[in-house]
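Everything below concerns the one structure shown next.
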Number of protein chains: 2
Amino acid sequence: MLLLHRAMVLRLQQACRLKSIHSRLCIQACSTNESFQPQRPSLTFSGDNSSTRGWRVMGTLLGLGAVLAYQDHRCRAAQESTHIYTKEEVSSHTSPATGIWVTLGSEVFDVTEFVDLHPGGPSKLMLAAGGPLEPFWALYAVHNQSHVRELLAQYKIGELSPEDKVAPTVETSDPYADDPVRHPALKVNSQCPFNAEPPPELLTENYITPNPIFFTRNHLPVPNVDPDTYRLHVVGAPGGQSLSLSLDDLHKFPKYEITVTLQCAGNRRSEMTQVKEVKGLEWRTGAISTARWGGARLCDVLAQAGHQLCETEAHVCFEGLDSDPTGTAYGASIPLARAMDPEAEVLLAYEMNGQPLPRDHGFPVRVVVPGVVGARHVKWLGRVSVQPEESYSHWQRRDYKGFSPSVDWDTVNFDSAPSIQELPVQSAITEPQDGETVESGEVTIKGYAWSGGGRAVIRVDVSLDGGLTWQVAELDGEEQRPRKAWAWRLWQLQVPVPAGQKELNIVCKAVDDGYNVQPDTVAPIWNLRGVLSNAWHRVHVHVAP
Amino acid sequence: MLLLHRAMVLRLQQACRLKSIHSRLCIQACSTNESFQPQRPSLTFSGDNSSTRGWRVMGTLLGLGAVLAYQDHRCRAAQESTHIYTKEEVSSHTSPATGIWVTLGSEVFDVTEFVDLHPGGPSKLMLAAGGPLEPFWALYAVHNQSHVRELLAQYKIGELSPEDKVAPTVETSDPYADDPVRHPALKVNSQCPFNAEPPPELLTENYITPNPIFFTRNHLPVPNVDPDTYRLHVVGAPGGQSLSLSLDDLHKFPKYEITVTLQCAGNRRSEMTQVKEVKGLEWRTGAISTARWGGARLCDVLAQAGHQLCETEAHVCFEGLDSDPTGTAYGASIPLARAMDPEAEVLLAYEMNGQPLPRDHGFPVRVVVPGVVGARHVKWLGRVSVQPEESYSHWQRRDYKGFSPSVDWDTVNFDSAPSIQELPVQSAITEPQDGETVESGEVTIKGYAWSGGGRAVIRVDVSLDGGLTWQVAELDGEEQRPRKAWAWRLWQLQVPVPAGQKELNIVCKAVDDGYNVQPDTVAPIWNLRGVLSNAWHRVHVHVAP
């Protein structure tokens, strides 16, 4: 197993023509046609199909609260008799007043009571009101599971009349068909939209993550942007000038290059799921990667559009070119104070490790907000504006927030928590892996550590006995600048395996330069969305006799 | 007990003529002559004298490593015969080459091997080389304990010749005799130098801590500064002008007023001591207080002396007017980047809650560094300079740093850890208190929460069952500005006592806006100096039948 991974690293390094230039590794982007196995996007959920995993995914996606709420309907649905409805009848049920109906194939469902429970938000489900679900399920492929269909069945009220059992008129062609080909090493958490992470043993092989295995977090299909016609729209300040910047225009701003680690708020969510089901993708330890980004500084571009830091509580809102069928784009915002601060080094990046951005990472332009959660690094950037309040995007206001373990989907008030910006201190073990067998004698433990807000990691403690005693790991990777420690530290510890030990409970925990530490356990930081999972990382291994 | 405290709160509030002006409480300073019981400073260690406490204090002050190292000497000392030495002979032993001798009364000691083990640092002990210890022990009154004398006895090599048994020539008058009179409510952790905290039940009675019970952390005797002749020396930049500022001069700079919470790095050290002995004062939960500070901005004063933020990695070094017998002043530093940032709001404060600074809090001028550990808020400020490196002060480089639990006094390398600047998120329960009996029915739980670096406290979770289930507390006190949340939030939770419960394990934990959390337990953050004690705060109470 390990040998296989070693071979993959070598192959990847060869394919990428890895060049080490002093301490800064510069990885040339792989041509996807050269060495990758093409992998067709599929509407079915990839990965193993064991029922355990199925249930976990369902719980993850729908939230435990919602699942429980369905139970009521089982009895009721069984008592109802089958009715026949025309397409016209269905199409007249599009509001709470009339009832909200949808169809799937020839079946008709009254989802009025479910709308508020829809994990993707009521507005997304309302897009399908009065018509077929298929075009939306094609976009959000997570619905294509037997468990989701089973739940939907509880809301069935009848059948479409035979003359209306025709293919839906709305275009159902696969919106993900044009997604790029991906590296086969990536562990796929969701194919559509594409979400995948590098395997742990590849993740910390390089300080700079090679582009092809950089973790990918997409919310929608990947737009296919023509670089020649691409324009970035920057709304001007009152009295200033709005900008419509071509790629060439962006290149005329002074170019900055910085090494920044990006981490998804959901990194290590799978450990939270083990405490109690959460809603979200099952990220393991790989929703984090590091690249050297090149581009224009956001503060320079905003200044050219006439913006100043006079209204300190304003926000800079970003919109992507990725959008859902209604044209709603992915969006997020950061405080203007951060955007305008040259020391915060916020970039409009057009390069990733010396190459144009790969399509999965925002070609041709993405935002890079050092020290801040990945969700604000908007990809395929289309529009920048300064607003008195933060973005009204679903992903800014109804997602990517943390709550008390006591809050569930019935009690959550998204307005009560701030949007995640800076992330807390994080670390994980990438070698050895959970369940592995290590040789007696000496064991090498490797991993990564990072903190948000430019806070440098100053120490990583490692325990072999579940946290009773600790040893200080050696920090590798680049030294970080004070207050601008945007990138991770890799670390390792070579340590004798205590004689006679049959198993080891390996634990790591990091400390940042604000002396913030990771919490001991997962349960007290559990939250319904499964974000901010930064408890001590624990790996249980066997020792070879 | 509780009634007594209530009475004391009332008396204190009357004495202070508490005024609530909108949300900002403005406390008039108490006249120390009006309502306090004068309390004579004493060279002996105050508090209960049980041997348990004695040993704990000794371990605390000297470090377990050093204590163990003494054991060797017990046997050796017993074998040596008594010699007679002249004062001249003693005075010629002042270096490792000649041996390092000191006297106490008529006894002579060879402390050559102990110098490197001296908890206060070798340099402090070397001040006494070749002469009497008395003048130094008078300053550092912690030495005046039987246990310290017992340890010193192991190094005895003889007696002074009878003609030299005279009173030491160095002035031994009590350097603390001129310390101010303090409020009797303060819980004294050390009388000389004076270190004391308000009792928990007073601490959170007011959002703004009344000056007389603001926690006091002194390292040396309190200087008695004449405000008319006081001058603050600010070293000019190359090409700039050095300044010698009178109090009137400082008042001519624009005046800023901000509410800032100060916390000692050793707050809650007593909980760490319960895991394993540490070196330091036994602070409970009260080494934290909040005041409204008024003064000139450091950045304005530095600018007038010609300083700019060109050398971003420089440091601003502060020296106090409090000094030891050699004239070494208390000192500390902060990065120039923070000092010059108007948004960081670093003050040269001359007012505390609308009054001139009390003597214990730095009269006439102290530094206030919002969001940063108390040790950098240098009191009785005498000198400000910009240096390429941080302060060479003992308290900057050989103290106030955090280490792994695996590091002890034999292995510690102070250069391996950064000086503490921003502090991690903190919270504590002030009501009810550990061991108290609460009424069945309903219990009100109160406390404080704060985080460093201007990060706002966004939530406090409270558990009645040791951390299994949580409830969200109500946050009181002033709303904090984004990125400038310099002051604490008080919080409370009124909650029914679960029926039939005979005891409650109450726990609190806070979250800041970087979603940093407190660690679950103390042992994994234990460190030899007992700083940064911010694990969940736990209180065990009984329920009245």
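The values are calculated or read from the model by the stated rules, or taken from the named source; none is laboratory data. Not measured: the values here are computed from a predicted model. Glycine gets a Cβ as well: all are built from the backbone with ideal geometry, and neighbour counts include every protein chain shown.
Does any residue in the range A:138-151 that is farther than 15 Å from residue A:107 by Cα come within less than 7 Å, Cβ to Cβ, of a residue that is at pLDDT 75 or above and part of a loop (DSSP other than H, G, I, E, B) six or more places away or on a different chain, and which pairs are these?
From the range A:138-151, the pairs are A:138/A:174; A:138/A:175; A:139/A:175; A:139/A:324; A:139/A:325; A:141/A:191; A:141/A:192.
Against the condition within 14 Å of chain A (Cβ to nearest Cβ), modelled with pLDDT of 95 or more and more than 15 Å from residue B:537 (Cα to Cα), how does residue B:449 come out, does it pass?
When the stated conditions are applied, residue B:449 does not pass them.
Sort through A:531, A:517, A:497, A:511 and tell me the only one that's surrounded by fewer than 24 Cβ atoms within 10 Å (Cβ to Cβ) and either more than 12 Å from chain B (Cβ to nearest Cβ) or touching a residue at least 40 places away in the same chain (Cβ under 8 Å) (or both).
A:497
How many residues are touching a residue at least 40 places away in the same chain (Cβ under 8 Å) and within 14 Å of another protein chain (Cβ to nearest Cβ) when one looks only at the range B:403-417?
Quick first cut of the range B:403-417, residues touching a residue at least 40 places away in the same chain (Cβ under 8 Å) only: B:403-405, B:407-410, B:412.
Restricting the remaining residues to those that are within 14 Å of another protein chain (Cβ to nearest Cβ) gives B:403-405, B:407-408, B:412.
Matching residues across the range B:403-417 total 6.
Among what's in the range B:309-338 and is buried (at least 17 other Cβ atoms within 10 Å of the Cβ) and among the β-branched types (Val, Ile, Thr), pick the residue that is nearest to the other protein chains (Cβ to nearest Cβ).
Going through the qualifying residues, I end up with B:334.
Being out of contact with any Leu (no Cβ under 7 Å at 6 or more places or on another chain) and surrounded by 22 or more Cβ atoms within 10 Å (Cβ to Cβ), is that true of even one residue in the range B:232-246?
no
Take residue B:375 and tell me if it is touching a Phe, Trp or Tyr at 6+ places or on another chain (Cβ under 7 Å), in a helix (DSSP H, G or I) and within 14 Å of another protein chain (Cβ to nearest Cβ).
Yes: the conditions hold for residue B:375.
Inside the range A:465-483, can you point out the residues that are among the small types (Gly, Ala, Ser) and either over 14 Å from residue A:517 (Cβ atoms) or more than 7 Å from chain B (Cβ to nearest Cβ) (or both)?
The answer is A:466, A:473, A:477.
Please go through (1) modelled with pLDDT under 80; (2) out of contact with any strand residue (DSSP E or B) (no Cβ under 6 Å at 6 or more places or on another chain) for residue A:153 and return the number of the only condition it doesn't satisfy.
All conditions pass for residue A:153, except number (1).
Does residue B:435 meet the test of being under 30 Å from residue B:492 (Cβ atoms) and in the same structural domain as residue B:508 (by the TED database)?
Yes; evaluated as a whole, the condition is true for this residue.
Among the residues of the range A:340-362, are any aliphatic (A, V, I, L, M) and within 14 Å of chain B (Cβ to nearest Cβ)? Quick ask: steps written out before the conclusion?
Going residue by residue through the range A:340-362, those that are aliphatic (A, V, I, L, M) are A:340, A:344, A:346-349, A:352, A:357.
Narrowing further to those that are within 14 Å of chain B (Cβ to nearest Cβ): A:340, A:344.
Yes, there is a match, as at least one residue in the range A:340-362 is aliphatic (A, V, I, L, M) and within 14 Å of chain B (Cβ to nearest Cβ).
Please verify whether the range B:437-444 includes one or more residues that are surrounded by fewer than 24 Cβ atoms within 10 Å (Cβ to Cβ), facing another protein chain (nearest Cβ under 8 Å) and either at pLDDT 95 or above or within 27 Å of the chain's Cα centre (by Cα) (or both).
If we filter the range B:437-444 for residues that are surrounded by fewer than 24 Cβ atoms within 10 Å (Cβ to Cβ), which is where we start, we get B:437-444.
In the following step, the residues that additionally are facing another protein chain (nearest Cβ under 8 Å) were identified as none.
No, the range B:437-444 contains no residue that is surrounded by fewer than 24 Cβ atoms within 10 Å (Cβ to Cβ), facing another protein chain (nearest Cβ under 8 Å) and either at pLDDT 95 or above or within 27 Å of the chain's Cα centre (by Cα) (or both).
Give all pairs with beta carbons closer than 8 Å in which a residue from the range B:364-391 that is of a type in the set (Ser, Thr, Tyr) meets a residue that is part of a loop (DSSP other than H, G, I, E, B) and surrounded by fewer than 21 Cβ atoms within 10 Å (Cβ to Cβ); count only pairs at least 6 apart in sequence or on separate chains.
From residues that are of a type in the set (Ser, Thr, Tyr), the pairs are B:385/B:235.
All but one of (1) under 30 Å from residue A:137 (Cβ atoms); (2) without any contact (Cβ under 8 Å) to a residue 12 or more places away in the chain hold for residue A:252; state the number of the condition that does not hold.
Checking residue A:252 against (1) under 30 Å from residue A:137 (Cβ atoms); (2) without any contact (Cβ under 8 Å) to a residue 12 or more places away in the chain, the one that fails is (1).
Could we say that residue A:403 is under 20 Å from residue A:265 (Cα atoms) and over 15 Å from the mean Cα position of the chain (by Cα) here?
When the stated conditions are applied, residue A:403 passes them.
Anything in the range A:234-288 that is more than 23 Å from residue A:315 (Cα to Cα), over 26 Å from the mean Cα position of the chain (by Cα) and of a type in the set (A, V, I, L, M)? List them, or say none.
A:247
Name the residue that is farthest from the other protein chains (Cβ to nearest Cβ), counting only residues in the range A:452-464 that are over 18 Å from residue A:208 (Cα atoms) and either more than 25 Å from the chain's Cα centre (by Cα) or hydrophobic (A, V, I, L, M, F, W, C) (or both).
A:464
With the structure loaded, tell me whether residue B:300 is in the same structural domain as residue B:218 (by the TED database) and free of Cβ contacts under 8 Å to residues at least 40 places away in the same chain or whether it fails that test.
no
Can you name the residue in the range B:456-478 that is touching a residue at least 60 places away in the same chain (Cβ under 8 Å) and under 30 Å from residue B:377 (Cβ atoms) and, of all such residues, is surrounded by the most Cβ atoms within 10 Å (Cβ to Cβ)?
It comes out as B:477.
Can you tell me which residue in the range A:418-434 is nearest to the other protein chains (Cβ to nearest Cβ), limited to those that are of a type in the set (Gly, Ala, Ser) and within 14 Å of residue A:534 (Cα to Cα)?
Step by step, filter the range A:418-434, then rank; the result is A:427.
Filter the range B:159-184 down to the residues that are at pLDDT below 90 and of a type in the set (A, V, I, L, M), then identify the one that is farthest from residue B:379 (Cα to Cα).
Applying the filter and picking the extreme gives B:166.
Every residue, every condition in (1) in contact with a Gly (Cβ under 8 Å, 6 or more places away or on another chain); (2) in the same structural domain as residue B:485 (by the TED database); (3) outside any loop (DSSP other than H, G, I, E, B), yes or no:
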| residue | (1), (2), (3) |
| --- | --- |
| B:294 | yes, no, yes |
| B:312 | no, no, no |
| B:327 | no, no, no |
| B:351 | yes, no, yes |
| B:360 | no, no, yes |
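Here are some conditions: (1) of a type outside the set (A, V, I, L, M, F, W, C); (2) buried (at least 20 other Cβ atoms within 10 Å of the Cβ); (3) not in a strand (DSSP E or B). Residue B:430 meets all but one. Which one does it not meet?
Here residue B:430 clears every test but (3).
Considering only residues of the range B:378-402 that are within 14 Å of chain A (Cβ to nearest Cβ) and in contact with a Ser or Thr (Cβ under 8 Å, 6 or more places away or on another chain), which is nearest to residue B:232 (Cα to Cα)?
Per the stated criteria, the residue is B:390.
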